[in-house]
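Some notes on the structure that comes next.
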Amino acid sequence: MSCFPELLYSTYLDAELSAEERRAVESHLEDCPRCRALVESLRAENRFLAAALEEPEEVAAPAPTRPLDLVWTAVAVLAAAAGLQVAVNWVGGASAPTGMEWLNPLSLSGQMNLLFGTLFYLVREGATMLVSSLTAISILVLGLLIVGAGLLLVRRRPTALAVLVTLAVMLGLAQPGAALERRKATNVIIAQNETLDDTLVAFGETVTVDGTVTGNLIAFAKRIVINGTVKGDVLTFAERVEMGGRVEGNVMSASQFLTVRGQVMQSLHGFANIMEVTPESRVAGDGILFVNVGQLNGNIGRDLVLMSSMTDLRGSVGRNVLAGVDRLTLLSSARVGGDVKVYCKKKDALHVDPGATITGKTETVVAKPKESRFAQPKFYGQQALGIGIVFVVGWLLYWLFPALFTAELRTAGDAAKTVGVGFLGLVATPIAACVLGIVLIGIGALAGVPLIATLIPVLAIVVWLLAVYISKIFVALLFGRALLRAPAGQPARFALPLLLGLVLVIVSFHLPYVGKLFHFLVWLLGLGIILLQTYRHYWPRPTRTAA
């Protein structure tokens, strides 16, 4: 006997069928597990609606979703993405005068200027606010955790109150140690005849070291000037850094303008927009530089590793030069004691003047243009195979768990709730599994818990990964049924809506710039549907009886 339409089952649950029709439906339900699951899902929905109707306020019924609205929305998104792709290709491929290249935000030079400008604007204008905000948030979160743990502990063990009070008093009376010296002022100055026998952490508008720091120097300022001696390492973060003294350790500097005129006895690590190493300077170790525009006129004792948009090398490098650049020029005064290897996009990125000396060999590696995946036939074959596999998996799940595929998002509130539940499932599950694994391993080491128990977190991660994988099936079915609605009185179709929805979902994953965002949203929505449907249909709420 064929199955009855869904409308008939709804009428059956409303007790509006005749006795003969009711007996026929009940007889069929005894033999058909799929229809029993459908009736149970309808009964759960009736309980949910009955509970909602108990609220005193009446909510207007939402307007039905029209399939054409979804179609035109998808077309608009695709057209906007295509237009954005064309515009980006035009801007990225447009040639600009050399002096104006920094204005192009899609070029390396433009990106570097934008990056450094943003970083140092935040340092100059918003550092105090950012630190204060992070400090306040950290203190609030830590305080809530401590209060919550304290209340739980006191609630279970009243004697713990005395222990907590004692710890609080001890912490309040403790004095901070003097492991380093911290100075904060508008102008932090280490005078010429001053020797600071410790590590210095300095904050200010200007930090100047004319004397001697026997430890490390860690400085955050708008301008940092080192004319004296630092016997340890130097770590700076500033808009402008001028190093004219002597650093006996390593130098790690992030700045917009970096000038090295002195001596660095170990390695120089520079991250700068514009960098100059003057002829009288000397770096005894390696130079590891990430710069936009560089002028390297001094001496680097060992290797030079360079990432740059445009750099001129006039000085000497003791060993090899390894560079990834748009343009590198070795002028006539340049001396390289080893090999020069350059990774670039164009053949003429490396220019060597006739007077330059290179002891080893010179190699230029030009990056091959990456062929678009959309121009490769195998890409479409792979996507078709993937859709087929997901379709088969979806059909198998529908046969095993039909109640999971009855979800509907009638309002924006339903969609937001589902996405929120999906976010919790996406984020909380792996964290909880890792914590549980650590706990079980620790308990197992102490109490001899069987090894099989430690596999529970692994199984949880496996189930989580499977849920993430199949999440697209539920979203695809939701979209497909919105576009291909079943006629009134007919049960909701499955195969064709799922196939159409999968095609739309997979296409959305490969849209330029927004594809990854769509993929993430599909994960959230699909996981939310899985979790909510599982809760509603397999752990339904008990019905309330009238008093």
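3J(HN,Hα) couplings calculated from phi for segment 220-228 with the Karplus curve 6.51 cos²θ - 1.76 cosθ + 1.60 (θ = phi - 60°) are, in sequence order, 10, 6, 6, 9, 10, 10, 10, 10, x Hz; Gly and Pro show x.
Could you work out how far the C-alpha centroid of segment 217-240 sits from that of segment 310-381, in angstrom? Each part's Cα centre sits 32 Å from the other's. The packing ranking, built from the mean of other Cβ atoms within 10 Å per residue, places the peptides 201-214, 32-45 in the order 201-214, 32-45, highest first.
Both radii come from the Cα set of segment 373-538: Rg as radius of gyration, Rh as Kirkwood radius; their ratio Rg/Rh reads 1.05. Extension gain, LEU466 to ASN187, is 94.6 nm, computed as 0.36 nm per intervening residue step minus the present C-alpha separation.
Does segment 6-53 classify as rounded, prolate or oblate by the C-alpha gyration tensor (a ≥ b ≥ c root eigenvalues; a/c under 1.5 gives rounded; else a/b over b/c gives prolate, otherwise oblate)? Please list the in-between numbers first.
Numbers: a/c = 3.15, a/b = 1.46, b/c = 2.15.
Verdict is oblate for segment 6-53.
The label point for VAL366 and the one for VAL435, both projected 7 Å from the Cα toward the Cβ, are 5.6 nm apart. Descending by average beta-carbon neighbour count within 10 Å, the peptides 253-260, 338-345, 405-412, 495-502 line up as 253-260, 495-502, 338-345, 405-412, the highest first. The length gained by stretching the chain between ASP210 and PHE401 to full extension, at 0.36 nm per residue less their Cα-Cα distance, is 61.2 nm.
Using the Cβ-Cβ distance between LEU496 and GLU26 with R0 set to 30 Å, the FRET efficiency works out to roughly 0.45. Normalised size of segment 181-366, defined as Cα radius of gyration per 2.2 N^0.38 Å with N residues, equals 1.07. Where a ≥ b ≥ c are the square roots of the eigenvalues of the C-alpha gyration tensor, would you call segment 182-222 rounded, which needs a/c under 1.5, or, failing that, prolate if a/b is larger than b/c, or oblate? Judged from the Cα gyration tensor, segment 182-222 comes out oblate (a/c at least 1.5, b/c at or above a/b).
What FRET efficiency comes out for the pair THR411/LYS516, r = Cβ-Cβ distance, R0 = 25 Å, nearest 0.05? The computed FRET efficiency comes out at 0.40.
Taking 32 Å as the limit for the C-alpha separation, the pairs LYS231/LYS346; LYS345/LYS516; LYS368/LYS516; LYS346/LYS378; LYS345/LYS378 exceed it in the case of LYS231/LYS346. With 0.36 nm allotted per residue and the present C-alpha distance subtracted, the VAL392-ARG485 stretch has 31.3 nm of extension available. Annotation for segment 1-50 versus segment 244-273: alpha-carbon center distance of 78 Å.
Close amide H partners of SER281, meaning residues 5 or more places away or on another chain with modelled amide H under 5 Å apart, are ASN299.
Listed by chain and number, the aspartates and glutamates whose alpha-carbon sits under 20 Å from that of LYS347, ignoring those within fewer than 8 places in the same chain, are GLU101, ASP312, ASP326, ASP339, GLU363, GLU371. Each residue of segment 186-193 was assigned a 3J(HN,Hα) from its phi angle through the Karplus curve 6.51 cos²θ - 1.76 cosθ + 1.60 (θ = phi - 60°); the sequence is 4, 10, 9, 10, 9, 5, 4, 9 Hz, with glycine and proline shown as x.
Quick note: the coordinates plus some simple rules give every number you see, no bench work behind them. On a predicted model such as this, the values are computed, not experimentally measured, just so you know. Positions of Cβ are generated from backbone atoms using ideal geometry, with glycine treated the same way; all protein chains shown enter the neighbour counts.
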